[in-house]
Each structure stands twice: as structure tokens, then as C-alpha cells.
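The values are calculated or read from the model by the stated rules, or taken from the named source; none is laboratory data. None of these values were measured; they are calculated from a predicted model. Here Cβ is always computed from backbone atoms with ideal geometry, including for glycine, and neighbour counts include all displayed protein chains. The accessibility values were calculated without ligands, DNA or RNA, using every heavy atom of the protein model including side chains. Shrake-Rupley method; radii C 1.70, N 1.55, O 1.52, S 1.80 Å.
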Amino acid sequence: MKLGKISRIRVMGFGLVVLVAIEFTMQHLGIFFPKMTSQSSILPVLSSLPPSLPWTCQPKRHIVFLKTHKTAGSTILNLLHRYGDKNGLFFALPINYQFSYPNLFHSRWVKGINSPNRPKYDILCHHMRFNLPEVRKVMPADSFYFTIFRDPATMAESSFSYYHFVSPAFKKAPNFTAFISNPSYYYREEEQFNHYARNLLWFDLGFNNNAPFTVTLARAGAQTVEEMFNLVLLTEYFDESMVLLKEELCWDLDDVVTFKLNIRESSRPLGPEDVKKLRAWNSLDWYLYEYFNRTFWDKVERFGKEKMDNEVMRLRERRQQLAELCLQNLEPVRAENIKEDALKPFQNGQEKILGWAIRKDLEPYIRSRCVLMVTPELQYKDLLDARQFPARTKMGQKQWHVQG
């Protein structure tokens, strides 16, 4: 009888040790189960999902993202901000809000780079015109490089709306229809900020966007990009892109769940002829897009089509769960309908830029996570700046420049 009791005690003791070990491991991995409260029915939604990747996979912590213009880059920037913020990673931040764009990137524009106690940078992701030799002076050798491309036709429509008062070519055109009909009539390559009006992807990559198109030049550019970047995502297949990114970075699903940021209130539909003309005008960009459209689907094929479909479904379900938990409205709203200044998107161009309002009935620790998911890039950059350089940062001082 005593022997049976001792055995049961040993079993219970072993079980307790296992439970403690599991709890410690989950906390170490950042997986928390919230306390039961009046919101207990929705709180489990906030807990991280079990990782879908093998335990042997090591999350990447050194990342370079080339944030191209008008390609959903602001949304990707948010997930990078959140991941780095949560994991205590150090961002290579611009002194203001861009790395002296549209000049080619230079390491001297990184905040803290010349400090006697120069920090070790983990993530570089804010607007720049790409310049690989200078990027390598800042970032570790094992950094993962990625960017995102978009069909130059829809990209041009968005650029015209957003940069209408910035690009001389756009300003001269009475409307977008007129610009599409004869872009060369309004465009002068020597005029500053006209890079927004032609081959903007090519320009952001550090190439000459006014170079005459030849297949030889375009192919060489595409191959150079392929050598520089580990992954090129596509705006039109954003969810599939997030799955590939999650796989490459060895992150969890929650790390790549996002709400769209920097959204315009409306857009102009393009007819087949409009698309054809805009792709021809942006021929270098169109070659890039076609090239990396092929490499993108090659990666999907290797990942597995059925597996991709399942992962996309999981991503969308998770986004819907968090939207219902966090958002006051399931659709984006105008800035004037967002009460908190910290969540209001920067307004630029002809169209209203929409943002998100957070539910008012959330408990503080839930609300803080929801807020970060909808914090625009400019405000989040200020938060990171304040954390990394608390003695130098003047919060509330807005020196915001044209974004996109």
C-alpha cells in the first residue's frame, strides 16, 4: 500500500515538473495564455498559434527590406516593426524619416552609425534608394534581403494619385487619362522627382530609370536583383507572399498577420488599353515584374500548392479573428474618424488615406497589441526611435516627408 502511494506521488511529481517545463518553454517562445476575465470568450484569439514550422528552424533576426513605393510596403513595414519591437531587435533608423531619398542610400544616414558605441543593427527597412555596398557597411553579413514588386500599370495609377503634386510630369497632366494617352509629352527626365512617373521600381533598386529599354539591359537588371535579394514578393499575391516570407524567415503565423495600411479611399479602374500603355511606358519595370512573377510561382510550386492553399486559409482566418477582436470597424476609416492622433495615417496627394480605429472596450494589455498592428509607419518609427535613442528623441516633433 505504501509502495502504491509512493508511486502515485512520484507520477504526480513528474507530471508537475513536465507542466512547469512546458509553461517555461511557452513563455520563452512568447506564447502566453491570457487570464480569464469578462473577455475570456475572445482572449484566446490573442494567444499565439502553434508554430507550423519544424523546431529545427531558427528564426532570422538580421533583415534588409527594400520598401518600394506603392506596393503595400507600409503594411510589411508594420510587421517588421512589430517583430523587431517584440524581440528587442535594433533597427537601422534614418535620421529623419527616409534615408535621404531619392539619393542613393549611404551608411552615414543611419542614426548612431558614427557613435563611439556603435550599435549592432538587426533590421533595415525604411525608405531608401538601394545601394548594396553601403547597405553592407551597416548590416550583418548573414542578413536576409527581400523586397516587393507590383504590376507597373496599377502602380502608376496609385503613384499618379499619391505623387500628383510632387512629380512635375504628373502636375502638368490635367488628369490621369491624359497622362496615359501621351506620357512622354509631360515627362522630362531631367526634372527632379519625375522618377515617380516612370520605372519607379527600377529607380528604387538603384538603377537608371531613364535608360532606353533593351532586353539585354532588362535581363541583366533582373539577374542582378535575383543575386541581391533572397526573396521578391508580389503585391497582387500578398497573402501567398506572407506565407513564403514566414517560411523563409522561420517565423510564426502571427508574425506575418497584418491589416492593410496606407490605403487610399478610392482608385481608378484601368481598362485593357490603359494597362497596355502603362506597361509599355514602364517597360523596365514590366520586365522585372514578369521575371519575378515566374520565380515567385516557382517558389510556390516547390513549397507545394496544396500546402500553400492551406497556409493562406490559416492566415486569412487568423486575420479575421484579430480584426474582430481589435477593430472598431472591419473596414478602414478616414483619419478624422480616428480619435487617437497616434493612429491617424499621414495624408498626402489627392486621395484620402484611410486607417483603423481600435475598439474601446479592450483591456490594456490586449489593446496595446492591437494598437501596434494599426500604428502607421511614421508614428511607429518615432516609437522605435524613442526606445533606441531615448536621450535624443523629441517625441511629437513631426518632420514627416512624402511616403508611399
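Below are the figures for this structure:
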{"read-out": "Distance histogram for the stretch 86-233 (every C-alpha pair counted, 10 angstrom bins, percent rounded to whole numbers)", "value": "10, 34, 32, 18, 5, 0"}
{"read-out": "Sites Glu363 and Gln192, calculated FRET efficiency, Cβ-Cβ separation with R0 41 Å, nearest 0.05", "value": "0.25"}
{"read-out": "Residue-wise HN-Hα coupling along the stretch 111-127, computed from phi with Karplus coefficients 6.51, -1.76, 1.60 (Hz; x: Gly, Pro)", "value": "5, x, 5, 9, 5, x, 9, 4, x, 8, 7, 10, 10, 10, 8, 8, 3"}
{"read-out": "Of every Cα-Cα pair in the stretch 64-158, the percent that sits beyond 19 Å", "value": "41 percent"}
{"read-out": "Mean Cβ count within 10 Å, highest first, over the residues of peptides 65-75, 242-252, 364-374", "value": "65-75, 242-252, 364-374"}
{"read-out": "Local net charge near His164, Cβ-Cβ under 13 Å (Lys/Arg +1, Asp/Glu -1)", "value": "+3"}
{"read-out": "Relative contact order for the stretch 193-263, counting Cα pairs under 8 Å that sit 6 or more residues apart, in percent", "value": "14 percent"}
{"read-out": "Contact order normalised by residue count of the stretch 150-282, Cα under 8 Å, 6+ apart, percent", "value": "33 percent"}
{"read-out": "Calculated over the stretch 312-397: convex hull of Cα atoms, volume per residue (Å³)", "value": "137 Å³"}
{"read-out": "Å² of accessible area per residue within the stretch 106-208, as computed with a 1.4 Å probe and no ligands counted", "value": "40 Å²"}
{"read-out": "For Arg129, distant residues with modelled amide H under 5 Å away", "value": "Phe105"}
{"read-out": "For the stretch 255-263, Karplus couplings with θ = phi - 60° (6.51, -1.76, 1.60), whole Hz, Gly/Pro x", "value": "5, 10, 7, 9, 10, 4, 10, 6, 8"}
{"read-out": "With every protein chain in place, the stretch 218-279: carbon and sulfur % of accessible area (1.4 Å)", "value": "45 percent"}
{"read-out": "Kirkwood hydrodynamic radius of the stretch 239-328, from inverse mean 1/r over distinct Cα pairs, in Å", "value": "15.8 Å"}
{"read-out": "Pairwise Cα inverse-distance average, inverted: Kirkwood Rh of the stretch 198-253 (Å)", "value": "13.1 Å"}
{"read-out": "Distribution of pairwise C-alpha distances over the stretch 107-184, 5 Å bins, in %", "value": "3, 11, 18, 15, 10, 10, 12, 10, 7, 3, 1, 0"}
